[in-house]
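Chemist: Got a structure for you, written out below as structure tokens; questions coming shortly.
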Amino acid sequence: MSELLKKDEMKPGGIGQGGSMERRYTGSWRTFVPITDFETCIQCLACWIVCPDSAIPVEDGERRETNMHHCKGCGICAVECPVDAITMVREGEEDDE
Ligand code: SF4
Ligand code: SF4
């Protein structure tokens with residue numbers, strides 16, 4: 001994580017460019033769903049940094065519930081979370097968690 005650029009050092013690009021992501025409902029591709037345990041989450045924001053679809057909103061310095069319109073269930077956030085606060089479950093089986 002220490003090798004990553006700071007937010008203000010990053011250049012806008014790809015799906016992150018203004019207006020482009022709104023038109024791509026990547027959530028329709030999803031077969032797995034990230035479930036976040038906010039009791040375990042330490043608000044490091046690593047998931048926000050690595051999410052390729054900007055599907056993890058941050059407000060007042062804290063991450064909020066994942067935006068399911070844009071989350072495509074890639075699981076990168078779950079892999080990178082340092083405290084295993086994110087669990088990937090099959091779409092439709094979220095309530096079993
Ligand atoms: S599963 Fe992928 S797209 Fe969804 S919030 Fe995590 S990193 Fe973003
Ligand atoms: S990476 Fe894990 S601990 Fe960090 S903000 Fe995301 S869910 Fe919370």
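Chemist: Enter the mean projected area of the convex hull around the alpha-carbon atoms of region 25-96, in nm², rounded to one decimal.
Modeler: Numbers: hull surface 17.9 nm².
For region 25-96, the mean projected area of the Cα convex hull comes to 4.5 nm².
Chemist: Moving to a separate point now. Got a sec to turn the phi values of region 79-84 into Karplus ³J(HN,Hα) couplings, 6.51 cos²θ - 1.76 cosθ + 1.60 with θ = phi - 60°, whole Hz, x for Gly and Pro?
Modeler: 5, 7, 4, x, 10, 6
Chemist: Same structure, new question: Would you be so kind as to identify which of Cys77, Thr26, Gln43 lies farthest towards the positive end of the dipole of region 25-96, taking Lys and Arg as +1 and Asp and Glu as -1 on Cβ and the Cα centre as origin?
Modeler: Working it through, the farthest residue towards the positive pole turns out to be Thr26.
Bear in mind that the values in this text are calculations on the coordinates, not laboratory data. Since we're looking at a predicted model, the values are computed, not measured. Positions of Cβ are generated from backbone atoms using ideal geometry, with glycine treated the same way; all protein chains shown enter the neighbour counts.
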